[in-house]
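The values are calculated or read from the model by the stated rules, or taken from the named source; none is laboratory data. As the structure is a computational prediction, the values presented were derived from the model and not from experiment. For neighbour counting, all protein chains shown are included, and Cβ atoms are generated from backbone atoms with ideal geometry for every residue, glycine included. Please note that ligands, DNA and RNA were not included when accessible areas were found on the heavy atoms of the full protein model with its side chains. Shrake-Rupley method; radii C 1.70, N 1.55, O 1.52, S 1.80 Å.
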Amino acid sequence: MSLRCAHKNGLTDSVAVKGFRLLERYADSGIIPKKELDEELLLFFESEKLALPVSSLKDSLSWGLRNITVQDLEIPYIIREIVKNNCNWEKAILDYFSRIGEKNPQNFIEIVREIMNRRKNFLISGNEIVRISRKFRRDGGVIIAELKGAGIISPYSGCGRAVSKLERMYGSPLYEINRFLIKIIGEKN
């Protein structure tokens, strides 16, 4: 794979280039060993949601509760597929959802497009995902679980009052959308 993803999205500094090379090297295993990392790479991976610390507070799957320390990093499944598919996000989604046994993986391309179009910054409510799921005659809870498993969304966590305010504005529960996926798909239409 080329570093087209990095260049297309303005991620061209030396840390980003090194980071994408590590993603290429470890896409199959899904784990970037801590011996390959430093603080700058850790912050780059975490900020773009390209790779996240393996351990978290209370064993939470939320990206916001991951322990930000130099340790092994887990590459979300969707990022692994994007890297393997030379930044073709649609092919990455088809490959991932086919592999997990989805009967109509093409639906997920449209579901992800809808999520990108209906998001508020990098957030979307679970209620909004359920509405999108109904459009495809799918169970919203199952869709949310599969999107979380892929690393496309994560439960949003933060300070109680701040999250409560966001939930009043956008709906609840809130999910954070993978920021690199937002960049690679592009801005809202």
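Taking a Cβ cut-off of under 10 Å around Tyr175, the surrounding Lys, Arg, Asp and Glu residues balance to a net charge of 0, with basic ones at +1 and acidic ones at -1.
Quick check on packing: order 98-105, 84-91 by the mean number of other C-beta atoms within 10 Å, highest mean leading.
84-91, 98-105
Rolling a 1.4 Å probe over the protein heavy atoms leaves Leu174 with an accessible area of roughly 10 Å².
Quick check: from the Cα gyration tensor, does segment 68-109 come out rounded (a/c under 1.5), prolate or oblate? The shape class here is prolate.
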